[in-house]
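Have a look at the structure below, then the notes.
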Amino acid sequence: MSPDRKSLASAASDQIRAIIDAAEQTAAQIRADAEEEAARIRQEAKDEATGIRSEARGDVSALLESIRNRVSQLNSDLEQLEEKLQPAPEPAPAPATPAEPPPSETAQASDADLESARLVALNMALDGNASREEIDRYLSENFALSDRKALLDEVYATLGR
């Protein structure tokens, strides 16, 4: 091989090495940039997920607090209703010459007793902790009703049972 050819081959070889080195450096830079971009995207996704979790926890906490408040209010309302539905205490013994109340007062007392019994039966049936027989027994012990069976039939019909 002639010296010109050797120098030409050497120069071409040097240029190819320079091109390969430049390509490798460019590839390494592209890889480093891609890795940095991937890390940035992962961090943004992680930050966004953390924000979403925090927001969801806040929403769940607010919802739980709202439910607790509503349950507390419902318990309070039920306690008030139970107080209103308590059977009247036994009246004191009547005087020696009892005077009967006018018929309209007896009818009103009977209607009020019937409505109270209906509400108690409905509440017990809705609660689901008492059978029909237990509700009937409770009504017989606490209310003066002429037809407990009809009242219970009405309550259970209202509930679709």
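Any read-out appearing in this document is the output of simple, stated calculations on the displayed coordinates, not a laboratory observation. Remember, it's a predicted structure, so these values are computed and weren't measured experimentally. All Cβ positions, glycine included, derive from the backbone under ideal geometry; neighbour counts span all protein chains shown.
The orientation-averaged projection of the convex hull spanning the C-alpha atoms of region 1-86 amounts to 7.5 square nanometres. Taking label points 7 Å from Cα along the Cα-to-Cβ direction, R68 and D47 give a separation of 3.3 nm. Applying D = kT/(6 pi eta Rh) to the chain, where Rh is the Kirkwood radius over alpha-carbon pairs, T corresponds to 37 °C and eta to 0.692 mPa s, the Stokes-Einstein value obtained is 132 µm²/s. The helix-only estimate of mean residue ellipticity at 222 nm for the chain, built from DSSP H runs of length n ≥ 4 each weighted as -39500 (n - 2.57), is -29500 deg cm²/dmol after division by the residue total. Couplings for region 112-119, taken from phi via the Karplus curve 6.51 cos²θ - 1.76 cosθ + 1.60 with θ = phi - 60°, read 5, 4, 5, 5, 4, 4, 4, 5 Hz in order; Gly and Pro are left as x.
Selection among G58, A117, A38 by position relative to the dipole of the chain gives A38 as farthest towards the positive end (Cβ unit charges, Cα centre). Relative contact order, percent, of the chain when contacts are C-alpha pairs under 8 Å separated by at least 6 residues? Normalised by residue count, the contact order of the chain is 16 percent.
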